[in-house]
Structure formats: structure tokens, C-alpha cells
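Novice: Mind looking over this structure? Questions follow.
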Amino acid sequence: MRRWFTNFLSRYKTAAWVTWAVVVFLLHAFPGEYIPSLSWADWFALDKWIHALMFGSGVWIFSSFRFNRYILYLTLMAYAFGLEWFQLALASGRSFDYLDLAADAVGIALGLVFI
């Protein structure tokens with residue numbers, strides 16, 4: 001399965017990258033008033049796990065480009081920072097969250113360890 005997915009990514013890497021970037025952007029742009037508030041999710045830091053998973057999967061998709069790991073880390077962190085800034089400046093009911101940015105960094109670092 002992993003070999004099939006890796007071959008798929010190498011063949012359609014640009015489409016996979018653009019799709020990932022657009023989906024992550026749309027999830028960050030979703031208005032805050034429409035995001036349900038689940039008290040049990042706070043106990044498990046579900047939001048932070050989702051951030052780490054999103055950017056960890058981004059590492060896997062970007063790894064098909066054969067970037068240097070340092071460049072890959074900086075590129076994805078710049079995208080994560082840009083998304084957090086976008087939430088602060090333009091997204092309705094959303095804010096810049098350093099813990100989200102930290103979860104993105106952890107997801108990227110773990111993704112780099114496992115590729």
C-alpha cells in the first residue's frame with residue numbers, strides 16, 4: 001500500500017501538493033463561529049493532534065519533491081505561520097495561536113523523522 005501511494009505521489013506530486021495546501025487553507029479559513037465547541041475535545045487537545053497530523057501528512061506529500069529536510073521544514077513552518085497570521089488578520093472568529101504553531105512544528109518534525 002505504501003509503495004502504491006509513493007508511486008502515486010511521485011506521478012502526481014504537484015496535484016497532491018496543491019490539493020493538500022488548499023484543503024489545509026480551507027480548514028484554517030473556516031469561520032470560528034461554525035466550529036463546534038466540544039468540552040471533551042479540550043481534555044485530549046484534539047485540535048493540536050489535528051494540526052500535527054495535517055502537517056505531518058504534508059511532510060509525506062512534500063517528500064516526493066526530494067527537498068533538503070531543512071528546506072522542507074522551513075517551507076512548511078512558513079506556511080503554518082502564514083496560516084496562523086491569516087487567521088489573526090482575516091478569518092472570522094479565529095485567532096493566532098502559538099500552541100497551534102507548536103503542534104504544526106511537532107507534526108513536521110515527526111513527519112521528517114518517519115520519512
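Novice: Name the residue that is surrounded by the most Cβ atoms within 10 Å (Cβ to Cβ), counting only residues in the stretch 7-28 that are farther than 29 Å from LEU88 by Cα and of a type outside the set (S, T, N, Q).
Specialist: The qualifying residue surrounded by the most Cβ atoms within 10 Å (Cβ to Cβ) is LEU9.
Novice: Helices (runs of 4 or more DSSP H) wholly in the stretch 1-104 with at least 2 residues that are modelled with pLDDT of 90 or more and in contact with a helix residue (DSSP H, G or I) (Cβ under 7 Å, 6 or more places away or on another chain) - which ones?
Specialist: 13-29, 46-62, 69-89
The values are calculated or read from the model by the stated rules, or taken from the named source; none is laboratory data. Note that the coordinates shown come from a computational prediction; the quantities given were computed from them, not determined experimentally. Backbone-built Cβ (ideal geometry, glycine too); neighbour counts: all protein chains shown.
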